[in-house]
Amino acid sequence: MSTTYDAVVIGAGPNGLVAANHLVDTGWSVLVLEAQPDVGGAVRSDGDVHPEFVHDTFSAFYPLAAAGHIEALELERFGLTWVHAPAVLGHPFPDGQWAILHRDRAVTAALMEQQHPGDGEAWHRLCDQWDRIGDELIGALLTPFPPVRHGLGMLARLRSVGGLDFVKTMLTPATEVGWSRFDGASPRTLIAGNAGHADIPLNAPGSGLMGILMSMLGQTVGFPVPQGGAGMLAQALAARVRAGGGEIRCSTEVTGIEVSGGRAVAVRTKDGERITAGRAVLADVIASRLYGGLVAADDLPARTMRSMGSFQLDPGTVKVDWALDGPVPWASPPPHAPGTFHVADSVEDMAEALAQVNARSIPGRPFLLAGQMTTTDPTRSPAGTESMWAYTHVPQHATRDAGDGGIRGEWDETDCERFADRMQERIERLAPGFGSRILARRVLGPRELEARNANLVGGAINGGTSQLHQELIFRPVPGLGRAETPVRGLYLASASAHPGGGVHGAAGMNAARAARAHDRVRTAGGLLPRRTHGGAPSSVRALDGPPAGV
Ligand SMILES: Cc1cc2nc3c(=O)[nH]c(=O)nc-3n(C[C@H](O)[C@H](O)[C@H](O)COP(=O)(O)OP(=O)(O)OC[C@H]3O[C@@H](n4cnc5c(N)ncnc54)[C@H](O)[C@@H]3O)c2cc1C
């Protein structure tokens, strides 16, 4: 039996759900098929660590959602409430001092000024520059490449932020950008730590832009979280799709995309069902599982498969969740409690850990990104306790352990638990007694992450490396730098497409817009039916939109 929709979206991650929302808003009939039992992709929460605690299974803080396409969906009408920690981000130093990024830039700057006279004013200067150009820069990053409208907007404002000097700042590596503008450790460390949210080496171009972008987002929209757990964001996105008439089916894995005459016409599920896509198939699927996986190599140009041979995953991840019976016992408490915190002794310590990952070594002193979730959202666990997590990156294929040599890189239970001990030890040094507060601990290594979401291949969290050679027109591979694919009617809607990882929904929105634009070309002359519904065969008779260049 075959059923028909205008669009079939494969995967209910944030990108798939944003794409589905856009298409139902324009009147298309949409079916979203999700392999896992629940929607959300890497935006889910669960109660598996401890029955009285909510833990975000993967992602936790959403500045990019607040700045991107997700904010425009008005999800508050579908049950979403954003909440914020007292401070956005903290970085504890071994000497007891803290670097703090407070949502109020005056507080951030005053704390920096206390530590190093002059840094407060320098921070205000950076914020002022961002106020003038930040919106255009974010717009340029979140729209398809080349970003004509926002690019022109940026050009118009460039002189007001210092012209080429500003461009140079954005291109300066994260390890250097702080030195060029600040004297104290706090601003340098905050910017470098924020750069560490992507896998760009901290001494490479692109890292500085990432560090400034995330820091300035912290300063403007904050790092919000959905009240009640990350899953509330996914549920709101899904509720909005359904309210618009879209359908979502979970526990339904797509195993193949049928191509006929160079066009994606249907998908097949693991249960053997065939579902026809009258207008488009949008794949919220990692590129390496789409090309030569869901789409057979025979249905693709040979050069696409050749290019995919050079597709590079981002590193793997080990994430640890803790249920604590009290707050983190900081040896030296922060002046304002942060939601997110980073653990590294210094920028150099951080750079070394990330360099080890890039050199295929398991870091001896891993750089941690961590979250105090009950501090941020008191609904996450009983009063006085803390729902907490930390994650760090590990090589996809480790050749050595830069620590005590005991971790083999197999990422079986033994490796995961030993590495979690290594991560925990870093927190224990800053918060003696941390271990004694643990009610329960869960370790999700690369294998566990992938088992919960097939896009997280080997624990890669961003759908492929974010390094410059795989960004913009090179994402996921040269020649495929837009949502369009070599198969007509098939669009790449996942983090593997520009602009990459993070919960902003841009890849989904770009794919949905591309699908509509091509559909308008096909339906020129009104030859296609306006809306295709379950059961009715689609009658595609008009022009096909152009395929991508490869
Ligand atoms: C541990 C971790 C922490 C992170 N922290 C943050 C953070 O704090 N803030 C932030 O902005 N970003 C964070 N990220 C990154 C962010 O979550 C991802 O970049 C984002 O979720 C990508 O969205 P997506 O829709 O492209 O893919 P995903 O969220 O990965 O969703 C893809 C979905 O497609 C489904 N799927 C795949 N193949 C098939 C198939 N064949 N059939 C049916 N369904 C299929 C999967 O099951 C999954 O549900 C984090 C990621 C991880 C893993």
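Looking at region 227-364 only, what percent of DSSP beta bridges run antiparallel? Nearest 5 please. Roughly 90 percent of the DSSP beta bridges within region 227-364 come out antiparallel. The mean sequence separation of alpha-carbon pairs under 8 Å and at least six residues apart, normalised by the residue count of region 155-247, gives a relative contact order of 24 percent. Mean sequence separation of contacting Cα pairs (under 8 Å, at least six apart), scaled by the length of the chain, corresponds to a relative contact order of 23 percent. Ordering Gly339, Ala431, Gly384 by the projection of their Cα atoms onto the charge dipole of the chain, which places +1 on the Cβ of Lys and Arg and -1 on the Cβ of Asp and Glu, puts Gly339 at the extreme positive end.
The portion of the accessible surface of region 22-173 made up by carbon and sulfur, rounded to a whole percent, is 56 (1.4 Å probe; DNA, RNA and ligands excluded). Near Gly228: Cβ cut-off under 15 Å, other residues only, Lys/Arg at +1 and Asp/Glu at -1. The net charge is -4. Structural size metrics of region 145-293, computed from C-alpha coordinates, are Rg and Dmax of 22.1, 63 Å. Helix 185-195 axis versus longest C-alpha principal axis of the chain: approximately 20°, rounded to the nearest ten.
Given +1 at the Cβ of Lys and Arg, -1 at the Cβ of Asp and Glu and no other charges, the dipole of the chain around its Cα centre is 2000 debye to the nearest 20.
When you count the other C-beta atoms within 10 angstrom of each residue and take the mean per peptide, 240-247, 351-358, 11-18 line up highest first as 11-18, 351-358, 240-247.
For the chain, the longest principal axis of the C-alpha atoms and the axis of helix 148-158 are separated by about 30°.
Taking max minus min of the alpha-carbon positions on each principal axis, region 236-295 gives extents of 34, 23, 22 Å, largest first.
Entry note, region 72-145: relative contact order of 15 percent, from Cα contacts under 8 Å with a spacing of 6+ residues.
Both radii are taken from the alpha-carbon atoms of the chain; with Rh as the Kirkwood radius, Rg/Rh is 0.97. Other residues within the sphere of radius under 13 Å centred on the Cβ of Leu237, judged by their own Cβ, net out at -3 (K and R +1, D and E -1). Dividing the convex hull volume of the alpha-carbon atoms in region 39-193 by its residue count gives 170 Å³ per residue. Packing-based ranking of 285-298, 484-497 yields 484-497, 285-298, ordered from highest to lowest mean Cβ neighbour count within 10 Å.
Take 26-35, 155-164 and order them by the average number of nearby Cβ atoms within 10 Å per residue, most first; the result is 26-35, 155-164. For the chain, the longest principal axis of the Cα atoms and the long axis of helix 14-25 meet at an angle of about 50 degrees. Here's how it looks for Gly68: its modeled amide H is under 5 Å from none belonging to a residue 5 or more places away or on a different chain. Over the chain, dividing the summed -39,500 (n - 2.57) contributions of all DSSP H runs of at least 4 residues by the number of residues returns a 222 nm mean residue ellipticity of -10000 deg cm²/dmol. Phi angles of region 250-263 translate, via the Karplus equation with coefficients 6.51, -1.76, 1.60 and θ = phi - 60°, into HN-Hα couplings of 8, 6, 10, 7, 8, 10, x, 10, 8, 10, 9, x, x, 10 Hz per residue; Gly and Pro are given as x. Share of carbon and sulfur in the accessible area of region 339-431 stands at 47%, probe radius 1.4 Å. Computing Rg and the Kirkwood Rh from the Cα coordinates of region 295-348 gives a ratio, Rg/Rh, of 1.32. Compared with the alpha-carbon gap, the fully stretched path from Ser346 to Ala302 is longer by 11.1 nm at 0.36 nm per residue.
Summed over the residues of the chain and divided among them, the accessible surface reaches 37 Å² per residue at a probe radius of 1.4 Å.
The values are calculated or read from the model by the stated rules, or taken from the named source; none is laboratory data. Keep in mind the model is a prediction, meaning the values are calculated, not measured. Quick reminder, even Gly has a Cβ in these numbers, built from the backbone with ideal geometry, and neighbours come from all protein chains shown. Calculation scope for accessible area: heavy atoms of the full protein, side chains included, ligands and nucleic acids excluded. Shrake-Rupley method; radii C 1.70, N 1.55, O 1.52, S 1.80 Å.
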